[in-house]
There are 2 protein chains.
Amino acid sequence: MTDTHAKPEIANADPVLEKALAILGPRGLVTDADTIEPWLTDWRGRYHGAARALAQPETVEELAQLIKLCGESGVPIVPQGGNSGMVGGATPDQSGDAILLSTRRFQGIEIDEQTMTARCGAGVILQVLHEAAEDVGLRFPLSLGGKGSATVGGLIATNAGGTQVLRHGTMRALVEGIEVVLPNGDVLDLTSPLKKDNRGFDLKQLWIGSEGTLGIVTSAVLQLVPAIAERRVVWAGLPDIFTARKLLLHCQRAMPDALEGFEVMPGICIEQVLKYVPNAQSPLEGEHGWHVLLEFDAAKDAADGFGEAVEQVLADAFEAGLIEDAVIAANEGQAAQFWELRENISPAEKQRGPAMQHDISVAVASMPEVLSKAEKEIPELFPGTMVMGFGHLGDGNIHLHVCEPGAPDKAAWEASTGKAVSRWVYEMVTAAGGSISAEHGIGQDKRDILLETHDPAAIRAMRAVKAALDPQGLLNPGKLV
Amino acid sequence: MTDTHAKPEIANADPVLEKALAILGPRGLVTDADTIEPWLTDWRGRYHGAARALAQPETVEELAQLIKLCGESGVPIVPQGGNSGMVGGATPDQSGDAILLSTRRFQGIEIDEQTMTARCGAGVILQVLHEAAEDVGLRFPLSLGGKGSATVGGLIATNAGGTQVLRHGTMRALVEGIEVVLPNGDVLDLTSPLKKDNRGFDLKQLWIGSEGTLGIVTSAVLQLVPAIAERRVVWAGLPDIFTARKLLLHCQRAMPDALEGFEVMPGICIEQVLKYVPNAQSPLEGEHGWHVLLEFDAAKDAADGFGEAVEQVLADAFEAGLIEDAVIAANEGQAAQFWELRENISPAEKQRGPAMQHDISVAVASMPEVLSKAEKEIPELFPGTMVMGFGHLGDGNIHLHVCEPGAPDKAAWEASTGKAVSRWVYEMVTAAGGSISAEHGIGQDKRDILLETHDPAAIRAMRAVKAALDPQGLLNPGKLV
């Protein structure tokens, strides 16, 4: 963001920008192309757009006025949080018609320790919220790779997931209330602290996961949970994904309230990390078909005998033939190393070369079969490709990455064979009753495949709601539906 | 419901009913006035309507065809589950234009023990679901007074609450998926067992709590939880509602995962029960300003040392001056007696005479003050009235009943002073940032007061969604918005 307060240069005396400037003031409207530039490309570098200006209102009232102005002038608005999305949902098209809207100036965190909630501005960065909660002995139990950039507003707009969904749910489960500005400029305050309220439809649910197509979230009240008193992070090796599923059930039955993480990784993923990431080390000595990273957490009231209980769960799993080997992190440093190994899968893959990435979900019980089918059939149909399916087995959500076979022209491979791989994956997942987007959303990246694979009745209902709330279609056009 | 399969008599050769008969068959369309009659009056006997016929489709396809027919013919549809709602939401108006639609033939319960879910027809009665879950060592953790009549479809349409919301949430938190027929006849299957799915708006949230105004729920997948291994039901006496709030916090901090019930009752409520209900007995010997019914539950994995933990919580509460006296039910029989005493408040009140009933919520922390204000000011403003505020303090939800002062003409009192009392209550609650309907919904009973007290921006948004999905306004007209 710029810090200059000089009056922005407005090209060709654009009357909409003149009015926007009057509403937002010089700090709230950026027209300098160099300042805007970084925000016009998406996180993965796959989309690049253009914008008339970057608006960064400071108050909800300013935002409401800006939205009314855009409605009167027919100017599209593309909202953006931390610009760390995976599907181009915050990148404008190339026409340069749209105003890019940043919510990053909506700041402030107020924590109510008694009700264990945090009232946050939409621009608050996830990492900052984590730290604020920790400072008072609480925590916000949602985390993901982009936590240093992702904002509360963006997390809500995309119903973000991550590695703790198994126990605490996605963003939707953690949002107690939101304040949102509608396409007609109405400000809707849905942050009331009521635990029960049956005054009509639960409107806030509409905006969670709507990817900025129905309104702009300006602040939220989020649920916090007690800080972790003790945790046990475990690395386990086992022969196949079917056994991993059995281990998951075993752990869920034994310690349902403690299991917070259950990440699965095929042996091939770990090999890549060891090969490409300096100083990476496998926690286990032998080779295993699959690896599982487990995290068990205890709050203060459940910490008695907790370590012993985890050891017992693992001993029982070994006895039952569910694990070949396992190690419990001896200290926080080792626990962090285990998680780092998991988080290094994507960086290692990036060094290796391009991959078609699919964020899919199916019923947890069906995942082993779906994954085995993909591992077997994709290399047969697309020779030389390597399939890496890893991630949140406990949520039925796997990141199914298909690495290119060393093609001379990577971009050409992606555009032809790569596309065919993705189509095959999405059709298989749809046939299995699954989702083509478990946690990353639709954005512009998956819009066409959504329209092809999704229930037409659901598309009709979504479009009806969109048309009702945004009849001019000015909010984040070209995204989602 | 009728069991006759004879062809219904259709008055004046009503062409819509002729076509409906062709779709539904003789068992699916009831025109006999005596058979329909009981379903035209609401649970509390305050609303009475008329209907063209009673439709009771057997299949989703039949229902979709009926809805399309009604759309083509401009015939309103009033859906009904167990007809046990509190706000006249399932009672048609007196025009006789509407078809009353019963979902009671959508039956069937399939329990998946592994995923702990139940797939139910909308017509399944809550009590029946409770028993089916118990049969396999699970439970459905939502219960309320009307459980012998209330259906799954009605519970979803009204986002029902009850006495276990504190730990398990309202119906919304327990619905994994629904199948719904839309006003345009589309059948939307939102019952996929995916734990994560970010393909656009979470549509199912729209229908939960929409009171039949946006579509008809035909089946649902509901979350079950493990059966209770052990429970401790406690009756406590304490001086005032402020202390009750402190006791709540004390229990929530000490045993956050175990506290399932926290019902507060003023001494005057208990006096009424002892006076009007034969054989009712107070669990405590002395007199107390307020009584609290607490339930602590332990699942199998948490049953170790559970009884001792509850005793410790109570001992600490006594030590801290939070309770004057308390007794733990010695066995299941006594536990049931404690709950019966709580459930007898409404029957006792009914014997005493009419009362204006208000199902309100405010932030839990604000409830003691709101309640004290009501107890002090209502009898001052409306002499002779008696205020009884009882219920789910843990949810910030109190049933605030104001008993009439022995007026000679009860009906006249209700229509004049009673109405003024209600207006005072709703205005006070709104000023305190609360809800005029915590769990009972809006129906026809609270529609006008909703329009007067609610945020106009929220009403506009609800009306926009309603118009988008039901442009003819044929589904449950005159209810909600």
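Computed on protein heavy atoms with a 1.4 Å probe, the accessible areas place A:E324, B:E380 in the order B:E380, A:E324, largest first. Residues B:D325, A:D42, A:D135 ordered from highest to lowest accessible area at a 1.4 Å probe: A:D135, B:D325, A:D42.
Which of the residue pairs A:K373/B:K204; B:K68/B:K195; B:K195/B:K300 have a Cα-Cα distance greater than 28 Å in the structure shown? Long pairs (Cα-Cα over 28 Å): A:K373/B:K204; B:K68/B:K195.
Compute the separation of the alpha-carbon centres of the range A:282-323 and the range A:340-384 and state it in Å as a whole number. Computed from Cα coordinates, the inter-centre distance equals 25 Å. Take every pair of alpha-carbon atoms less than 8 Å apart whose residues are at least six positions apart; their mean separation over the length of chain A yields a relative contact order of 15 percent.
The value of relative contact order for the range A:230-362, using C-alpha pairs under 8 Å at least six residues apart, is 42 percent. Using only side-chain charges placed at the Cβ, +1 for Lys and Arg and -1 for Asp and Glu, the dipole size of the range B:117-261 relative to its Cα centre rounds to 520 debye.
The H on the amide N of B:L101, modeled in the peptide plane, is under 5 Å from the matching H of B:A55, B:V78, B:Q80, each at least 5 residues off or on a different chain.
Computed over the range B:287-383, the convex hull of the alpha-carbon atoms projects to a mean area of 9.3 nm².
The calculated P(r) of the range A:230-318, using every Cα pair and 10 Å bins from 0, goes 16, 46, 28, 10, 0 in percent.
The C-alpha atoms of the range A:34-145 occupy a region whose extents along the principal axes are 48, 33, 22 Å, arranged from largest to smallest.
Whole number please: convex hull volume per residue, Cα atoms of the range B:82-231, in Å³.
Values: hull volume 18.3 nm³, N = 150.
In the range B:82-231, the Cα convex hull volume per residue is 122 Å³.
Fully extended, how many nm does the chain gain between B:Q94 and B:E377 (0.36 nm per residue separation, minus their Cα-Cα distance)? It would help to have the intermediate numbers written out before the result.
On the way: separation 283, 0.36 × 283 = 101.88 nm, distance 3.79 nm.
Answer, rounded to one decimal: 98.1 nm.
In terms of the mean number of neighbouring beta-carbon atoms within 10 Å, the peptides A:195-205, B:326-336 order highest first as A:195-205, B:326-336.
Around A:V273, under 15 Å between beta carbons, what's the net of Lys plus Arg minus Asp minus Glu among the other residues?
Details: positive: A:K275, A:R342, A:K350, A:R352; negative: A:E263, A:E271, A:E287, A:E340, A:E343, A:E349.
With Lys, Arg at +1 and Asp, Glu at -1, the net is -2.
Give me P(r) over the range A:68-126, computed from all C-alpha to C-alpha distances, binned every 10 Å, as integer percentages. Per 10 Å bin, starting at 0, the Cα pair percentages come out as 20, 36, 28, 13, 3. Only aspartates and glutamates eight or more places from B:K275 in sequence, or on another chain, were considered; those with a Cα closer than 15 Å are B:E287, B:E340, B:E343, B:E349. When +1 charges are put on Lys and Arg Cβ atoms and -1 charges on Asp and Glu Cβ atoms, the dipole computed for chain A relative to its Cα centre reaches about 1140 debye.
If you count, for every residue in A:170-178, the Cβ atoms of partner chains within 10 Å of its Cβ, what is the mean? Numbers along the way, then the final one.
Details: counts 5, 1, 3, 2, 0, 0, 0, 0, 0.
Across the residues of A:170-178, the mean count of other-chain Cβ atoms within 10 Å is 1.
Remind me, what semi-axes does the range A:340-421 give for its equivalent ellipsoid, largest first in whole Å, using sqrt of 5 times each Cα gyration tensor eigenvalue?
Values: eigenvalues 100, 52, 18 Å².
Its equivalent ellipsoid spans semi-axes of 22, 16, 10 Å.
Take each peptide in A:62-69, A:126-133, A:283-290, count the other Cβ atoms within 10 Å of every residue, and average; sorted highest first, the result is A:62-69, A:126-133, A:283-290. Using +1 at the Cβ of each Lys and Arg and -1 at the Cβ of each Asp and Glu in the range B:332-481, identify which of B:P456, B:F338, B:Q472 lies farthest towards the dipole's positive end. The residue sitting most towards the positive pole is B:Q472.
For chain A, compute Rh as the Kirkwood radius over C-alpha pairs and then the Stokes-Einstein diffusion coefficient at 4 °C and 1.567 mPa s; write the answer in µm²/s, rounded to an integer. The Stokes-Einstein estimate is 54 µm²/s. Amide H to amide H, with H built 1.01 Å from N, B:I178 comes under 5 Å of B:L190, B:T191, B:V221, counting only residues 5 or more places away or on other chains.
Here the accessible area is traced with a 1.4 Å probe on the protein chains. For the range B:401-481, carbon and sulfur cover 54 percent of it.
Note on the protein assembly as shown: Cα-only Rg and Dmax are 29.2, 95 Å.
Taking a straight Cα-Cα cut-off under 19 Å and skipping sequence neighbours fewer than 8 places away in the same chain, the lysines within cross-link reach of B:K7 are B:K19. For the range A:145-187 versus the range B:408-481, the spacing of their alpha-carbon centroids is 30 Å.
Would you kindly calculate the mean projected area, averaged across all directions, of the convex hull enclosing the Cα atoms of the range A:158-294, in square nanometres?
Average of the hull's projected areas for the range A:158-294 equals 12.4 nm².
Estimated at the nearest 10 Å², the accessible area of A:S372 is 40 Å² with a 1.4 Å probe.
Taken residue by residue and averaged, Cβ atoms of other chains lying within 10 Å of the Cβ of A:457-470 number 6. Contact order, relative form, for the range B:256-301: 60 percent (alpha carbon pairs under 8 Å, 6 or more residues apart, mean separation divided by residue count).
Applying a 10 Å radius around every beta-carbon, put B:387-397, A:105-115, A:352-362 in order of their mean neighbour count, most first. Display every interim value, and only then the final one.
Details: B:387-397: 24.7, A:105-115: 15.9, A:352-362: 22.4.
Ranked from most to least packed, the peptides come out as B:387-397, A:352-362, A:105-115.
Shielding value for B:432-445 is 3, the average number of Cβ atoms from other chains within 10 Å of each residue's Cβ.
Each other residue within a Cβ distance under 11 Å of A:G200 adds +1 if Lys or Arg and -1 if Asp or Glu, for a net charge of +2. Once the cut-off is 22 Å, how many percent of the Cα-Cα pairs in the range A:385-481 end up in the long-distance tail? So the pairs more than 22 Å apart make up 42 percent of the total in the range A:385-481.
Rounded to the nearest 500, what is the 222 nm mean residue ellipticity of chain A from helices alone, with -39500 (n - 2.57) per DSSP H run of 4+ residues and division by all residues? Please report the intermediate quantities before stating the final value.
On the way: 18 runs with 167 residues, N = 481.
It lands at -10000 deg cm²/dmol.
Relative to the Cα centre, the charge distribution of the protein assembly as shown, modelled as +1 at Lys and Arg Cβ and -1 at Asp and Glu Cβ, gives a dipole magnitude of about 2160 debye. Its residues counted as N, the range B:160-229 yields a C-alpha radius of gyration over 2.2 N^0.38 Å of 1.21.
The values are calculated or read from the model by the stated rules, or taken from the named source; none is laboratory data. Keep in mind that what you see is a predicted model, and the values were worked out from it rather than measured. All Cβ positions, even for glycine, are placed from backbone atoms using ideal geometry, and neighbour counts span all protein chains on display. Just the protein is used for accessible areas: all its heavy atoms, side chains included, with ligands, DNA and RNA removed. Shrake-Rupley method; radii C 1.70, N 1.55, O 1.52, S 1.80 Å.
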